[in-house]
């Protein structure tokens, strides 16, 4: 019996076909005996489904909240961008306007100061000439100094006339009557141009017809008379 136990070989009971099948299937151990189905997963309970639905709703609510916050942030950024664009455009526009205005007003101020200085000098000359003319007293003249007084008076008047004529060339306000007469045709032209702009072609035609209908009536009457004479002659 001992001799038979020592001669036992375990390799004699190995099924080589089974080992080959295991190696072909991936070398993993068989989960269940041949011919028996595997263990199926149990169906989720109602509580588990409700829990998943609640979790999904919470996630959707959180996503909506984040979306709303992003929308508000985007609107705020767009408003800031719009205001920055308006600021940049307005600043450039006002810099151009103010620069041009400073140049124009500086030139106008310089011209006004120059005119004011010239006007002050002219005014002083007018007052001096007026004082000299008003100081002439013909009653104080005598036979002995008549020629001298006449020469002095004539010189004062001539100097005053020269002062006046020079001032009229500098200041148009001194020639107001002449300027108004010269401006009358221009005013009439401006009125006619304004009338042409304010009315369209049909209105102008009606206006012309209303002004020329007496002449048209006379011409029509003459035509009728001539036509009647021609008919009688025939």
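The values are calculated or read from the model by the stated rules, or taken from the named source; none is laboratory data. Everything numeric here is computed off the predicted structure, so don't read it as measured data. Glycine gets a Cβ as well: all are built from the backbone with ideal geometry, and neighbour counts include every protein chain shown.
Worth a mention:
- Condition check for residue 139: within 53 Å of the chain's Cα centre (by Cα), assigned to a helix (DSSP H, G or I) and at pLDDT below 90: no
- Here the condition is being assigned to a helix (DSSP H, G or I), at pLDDT below 60 and surrounded by 12 or more Cβ atoms within 10 Å (Cβ to Cβ); of 150, 130, 195, it holds for 195 alone.
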